[in-house]
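J.: Here you go, one structure.
The values are calculated or read from the model by the stated rules, or taken from the named source; none is laboratory data. Small disclaimer: the values here were computed from a predicted structure and weren't measured. Accessible surface is based on the protein model in full, side chains and every heavy atom, while ligands, DNA and RNA are left aside. Shrake-Rupley method; radii C 1.70, N 1.55, O 1.52, S 1.80 Å.
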Amino acid sequence: MLADNDRRAQLREELATLTTEAVVPDRGDLETLPTAELVRQMNTEDALVPRVVAGAVESIADAVDRIVERMQRGGRLIYVGAGTAGRIGILDASECPPTFGTDPSLVVGVIAGGTQAITTAVENSEDDLDAAAGELAALGIRAADSVVGISASGRTPYVVGALRYARGRGALTISVASNPSSPIAELADVPIDVVVGPEFIAGSTRLKAGTAQKLVVNMLSTLTMVRLGKTYRGVMVDLQATNEKLKARSERAVIWATGATPDEARAALDAADGSVKLAILLHAAGTDRRTGEAAIAAAGGRLSVALARLRRSGDRDRDRDRDRDRD
């Protein structure tokens, strides 16, 4: 019992140093305010978050470039967190396959407490310094992988253990924390600090810290996919059309990108087995499927590059035909 009390005393001292745990004195009357005023005050606090994230642009860009380079070598993007932070990582990972047509193993979320913790709090799991190492070992972490440790406090033992293990395996380590000079930042090749200040409700880091984490991981995954050619002129071209809404979205994408009629868009998608990227190429370049697939593969999946190359090739062919006709 004495050891537990000593440990809690130490934790109280640690928490007292964290901005995310600070109590704002002028909020003592929250319970007495009208609801509309509560909404205004909370919205004012939330509005601070994008400005804080904007201050981390260079670090986020550095992380994206490094993740892309590793993915091009067969690496994966792996989020690790506990509680809200873990759920945000899992949410982002789960949305990559339908949005960008990626294999579910490419972007992965790991949460303290396992799958149960996605919907139910498993609070003591975040204190296990060694558990994440076991999870990452099971995933076969290697040097080409990128591991993102997410923790509002920046000191969560589970996340500390994950980054320490990933670093030992030679993987890229990235931290996302809402307190400066954190333990996870010290373990990160790319520390991303989004210090949002005291929460609207003291210590409730699902609020501003959670919003900042969501904005950052949105950028990490989305911009990585942009760099890997998963979009074209701001449109999802590798999405998986698994329902009627997504099929309609696929048709709209082909129509928007090429000026095709709805019938032409459907025909192109049928010829491309539903691939928006290939359908755009087939219609825009007027080529056959085999040539289109080869062009996309040669361009590393980047549709803009494949289109430009096919158009240049077509121009050369036309010039050659014209010269031959003159002769």
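J.: I need the phi-derived Karplus couplings for segment 273-288: 6.51 cos²θ - 1.76 cosθ + 1.60, θ = phi - 60°, integer Hz, Gly and Pro marked x.
T.: With coefficients 6.51, -1.76 and 1.60, one gets 6, x, 6, 4, 4, 5, 4, 4, 5, 4, 6, 6, 9, x, 10, 8 Hz.
J.: Also, I was wondering about something else. Over segment 1-130, with every protein chain in place, what whole percent of the accessible area is carbon and sulfur at 1.4 Å, could you tell me? Numbers along the way, then the final one.
T.: Working: 4080 of 7530 Å².
Carbon-and-sulfur percentage of accessible area, whole number: 54.
J.: Let a ≥ b ≥ c be the square roots of the eigenvalues of the Cα gyration tensor of segment 210-296; is it rounded (a/c under 1.5), or, if not, prolate (a/b larger than b/c) or oblate?
T.: prolate
J.: If you work out Cα Rg over 2.2 N^0.38 Å from the coordinates, which of (1) 1.09; (2) 0.91; (3) 1.23 do you get?
T.: Answer by label: (3).
J.: Please work out the average accessible area per residue across the chain, using the 1.4 Å probe convention, and give it in Å². Please list the in-between numbers first.
T.: Details: 16630 Å² over 327 residues.
So the chain comes to 51 Å² accessible per residue, rounded to a whole number.
J.: With a/c under 1.5 counting as rounded, go ahead and sort segment 65-124 into rounded, prolate or oblate using the C-alpha gyration tensor (a ≥ b ≥ c being the square roots of the eigenvalues; past the cut-off, prolate if a/b is larger than b/c, else oblate).
T.: Prolate, since a/c reaches 1.5 and a/b exceeds b/c.
J.: Okay, next question. Report, to the nearest whole %, how much of the accessible area of segment 213-299 belongs to carbon and sulfur atoms, 1.4 Å probe, protein only.
T.: In segment 213-299, the share of accessible area belonging to carbon and sulfur is 50 percent.
J.: Now a separate question. Largest first, how would T32, T258 line up by accessible area (1.4 Å probe)? Don't skip to the end; give the middle numbers.
T.: Details: T32 105, T258 40 Å².
Listed by decreasing accessible area, they come as T32, T258.
J.: Specify the angular offset, from 0 to 90 degrees and rounded to the nearest 10, of the alpha carbon long axis of helix 83-100 from the longest principal axis of the alpha carbons in the chain.
T.: 0
J.: With everything on Cα atoms, drop me the angle between helix 289-298 and the longest principal axis of the chain, reported from 0 to 90° to the nearest 10.
T.: Relative to the chain, helix 289-298 is tipped by roughly 50 degrees.
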